[in-house]
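Asks: The structure under discussion is supplied below as structure tokens; questions concerning it will follow.
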Amino acid sequence: GKSRCAKVAQQLLWRRGHWIDGLTLAAVGGVYAWRSRVAELRKAPWHLTIENRQRRLENGVIKSEYRVP
């Protein structure tokens, strides 16, 4: 099967230009390691440009989102 890094990359590339919730990436990248996988994807051999933003929702919750531009 695909590595978890490959699964996260696939999500980001399939939805290039669209913000993806960190929880979605956690579902494919592993709940405890998805942020590490995003960091790995920024380095060799992937070299992906991955942007991050944080939004505060009306209820005060801060949402972390990622995308490949």
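The values are calculated or read from the model by the stated rules, or taken from the named source; none is laboratory data. Since this is a predicted model, take the numbers as computed values, not measurements. Note: ideal-geometry Cβ built from the backbone for every residue, glycine included; neighbour counts use all protein chains shown. Ligands, DNA and RNA are stripped out before the accessible areas are found, and what is left, the full protein with its side chains, is counted by its heavy atoms. Shrake-Rupley method; radii C 1.70, N 1.55, O 1.52, S 1.80 Å.
Asks: Counting only other residues whose beta carbon sits under 12 Å from that of Ser36, what net charge do I get with K and R as +1, D and E as -1?
Replies: Neighbourhood net charge equals +4.
Asks: How large is ³J(HN,Hα) for each residue in segment 55-62, as worked out from phi by the Karplus curve 6.51 cos²θ - 1.76 cosθ + 1.60 (θ = phi - 60°), to whole Hz, x for Gly and Pro?
Replies: 10, 9, 7, 4, 7, x, 5, 9
Asks: Equivalent ellipsoid semi-axes for the chain, as square roots of 5 times the alpha carbon gyration tensor eigenvalues: give them largest first, rounded to whole Å.
Replies: 21, 13, 10
Asks: Another question, then. In whole percent, how big is the carbon plus sulfur part of the accessible area of the chain, probe 1.4 Å, protein atoms only?
Replies: Carbon and sulfur: 50 percent of the exposed surface of the chain.
Asks: So which lysines pass the test for Lys63, namely a Cα distance under 24 Å, with those fewer than 8 places away in the same chain ruled out?
Replies: Within reach: Lys7.
Asks: Over the chain, what is the mean sequence separation of C-alpha contacts under 8 Å (at least six apart), divided by residue count, expressed as relative contact order in percent?
Replies: For the chain, the relative contact order is 38 percent.
Asks: Place a label point 7 angstrom from the Cα of Leu48 along the Cα-to-Cβ direction, then list the residues of segment 55-69 whose backbone nitrogen is under 11 Å away.
Replies: Output list for this probe position: 66-69.
Asks: Ok, one more. For the chain, find the longest principal axis of its Cα atoms and tell me its angle to the long axis of helix 4-14, 0 to 90°, nearest 10.
Replies: Tilt of helix 4-14: around 70 degrees.
Asks: Which value, in Å², gives the accessible area per residue of the chain when a 1.4 Å probe is used on the protein heavy atoms?
Replies: 67 Å²
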